[in-house]
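Each reported figure results from applying straightforward, stated rules to the coordinates on display, with no laboratory input. Model, not experiment: these values are computed from the prediction. Neighbour counts are summed over all protein chains in view; Cβ atoms, including those assigned to glycine, are modelled from backbone coordinates with ideal geometry.
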Amino acid sequence: MAVASTTQTGARPVRAGRRLSVPAWVGTVPFLGYVGVFLLLPTAIVIWGSVRNSTGFQFSNLKLLGNSVVRSYFVGSVELAALSAAIGALLGAILAYAIASGNPDGGVRRFSLAGSGVLAQFGGVALAFAFSATIGPVGYVTQATWFYDFPQGILPIYVYFQIPLMVLVFLPAVDGLRVQWREAAESLGGSTWHYWRYVGGPLLAPAFTGALLLLFANGLSAFATIQAWENQIAYTVPQQISVAISSEVGTANPSEADVLALGMVVMVAIIMTGYALLQRRAARWLR
Amino acid sequence: MAAITSLGETPIATAAKAPRGMQASRRRRLNAFRYVTFVIFGLFFLVPLWSMVRFSFAGATPGSWSVTPWKEITAPPISSAAPDLLSAIEITLELAVLTCLVVLVLLVPTMIWIQLKVRWISRAFEFLCLLPLTIPAIVLVVGLAPIYNFIRHYELSALQLFWAYVILALPYAYRALATGLGAIDVRTLSEAARSLGANWATVMVRVIAPNMWQAILNAMLLSAALVLGEFTIAFLLLYTNLQVAMYYTARATANAGVVFSTSTAALTFAFVMLVILSYVGRRRRRG
């Protein structure tokens, strides 16, 4: 009795104190819970699924990456992403320079930026339809015989959303080039070529390479456009993941999907790390 | 994935004054270069859009005009293999609203709380919010499939897609909100409100949120634009949203005009939203 009462009286201040000292990070628990279930758990499922089979933990699934058919999807993905990123980056850089060299408050600039924002976003199903209406089998402009060839048929469609993305990512860097640097080069007798070779080019190189990587990652992970363009033959990893996880034709193979997905994650993670590092390097001069 | 990175992050018009004192010959060359560039790029971007619009008004015979494709949007499905477009549009709009709300409820209080109470967690929080950028939707969907198998035991509606869409929208909403939150003095506002007797809910809903409504609107528009264009996750989890419905309609009847009218309508809608977005963004920067 006496013991109980002392515990009670002793407990009250402790409990009151504890209520005050609920750690403040508890407020972030709803968010952490949500992200845990719908972002971290799926990622863990992919990784776990790629190193496990019915008998337990093993790496044999990863041997799939050595399979020549599986490798051909990665080759196709990298080919398409690299070509579309290179063309998109080059053309986007030219367009960005044309925009940056105009009036900074002008209508052309505002229109181009708003347009880029929309068109970089305009990937997906509708874009493939727009191109099939333009150069497809019943195209309005021309009926290209190569429209369903890989990669040249899908390439213009990818370039269509890569260029606007390049403009959005690269324009701040081009804007950062000061007129004074150009004037300095000219007053020292440098030609346009000298300026780009020794001043502008090296300054823009980190930003350009970073943007190139971003475009590459963008091309790698695009799925909707290529699926709407061609749904019979898988050329790229995303298409094959789709084949592997849907059992529409009775070929569902979840562990193949997991391994392919893991390969994608690793590639995109490396690229995005490189992008982040280059962005930091680019910010050194152009701010 | 990264296509949307740039959305709404229109680079701020910095420096880059119109080059004064430039040699006349060089200015002439620069202007010629700009006009040629804009014309060529303009054609590349506008011709596919124009073809899509032209096809959306195609009549029964080649070259004729008709509004039938537009009327077909509301008509019952053209074949048994084609999904009901109208219900797909409805579900997509509902998903957009639901995703916006959940993103805000999840992010805004958590971000304010972290800013006020648990600063040390903010780097980890930012990392988690930006993490979906490095995990392509096509990868996420592989890990989400088992989780959605579980969800389907309780609820079959396509509205359940919002769980995944919130994760996809996280990086964009986070960056929009972080900009808005960084521009106001959260600590002073909340201390003032608290000292006048407001509880935490009042502080967030009636004090801080009204001070960053532009950032909130920005985050909502970005999330909505993302949901309207989403294909990958819905398609692979076997749900029917707008993009999936368009995909299957095109597959059921090749070159159906209704595909082009729906695409045009969806694109116009996205364009209007992004124009609103660019105005919101501009006012925020000036104000």
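Here B:HIS153, A:HIS194 are placed in order of increasing Cβ neighbour count within 10 Å, fewest first, which gives B:HIS153, A:HIS194. Residue by residue along A:224-233, Cβ atoms of other protein chains within 10 Å of the local Cβ number 3 on average.
As a rough footprinting exposure proxy, the listed residues B:LEU133, B:LEU46 were ranked by other beta carbons within 10 Å of their own, and the order from fewest upward is B:LEU46, B:LEU133. If R0 is 60 Å, what FRET efficiency do you get for B:GLU191 and A:ASN67 from their C-beta distance, rounded to 0.05? The computed FRET efficiency comes out at 0.45. All other residues whose Cβ lies under 13 angstrom from that of A:ALA224 are scored, Lys and Arg at +1 and Asp and Glu at -1, for a net of -2. For the pair B:GLU126 and B:THR74, the difference between a 0.36 nm per residue extended length and the Cα-Cα distance amounts to 14.4 nm.
If you take the square roots of the eigenvalues of the alpha-carbon gyration tensor of the range A:135-204 and sort them as a ≥ b ≥ c, do you get rounded (a/c under 1.5), prolate (a/b over b/c) or oblate? It comes out prolate by the Cα gyration axes.
Packing order of peptides A:136-142, B:107-113, B:159-165, highest average first: B:107-113, B:159-165, A:136-142 (average count of other Cβ atoms within 10 Å over each peptide's residues).
Relative to the Cα centre, the charge distribution of the protein assembly as shown, modelled as +1 at Lys and Arg Cβ and -1 at Asp and Glu Cβ, gives a dipole magnitude of about 2420 debye. When each full DSSP H helix of chain A is screened for a Cα extent of at least 30 Å along its own axis and an average Kyte-Doolittle hydropathy of at least 0.5, the helices passing are A:68-100, A:254-283.
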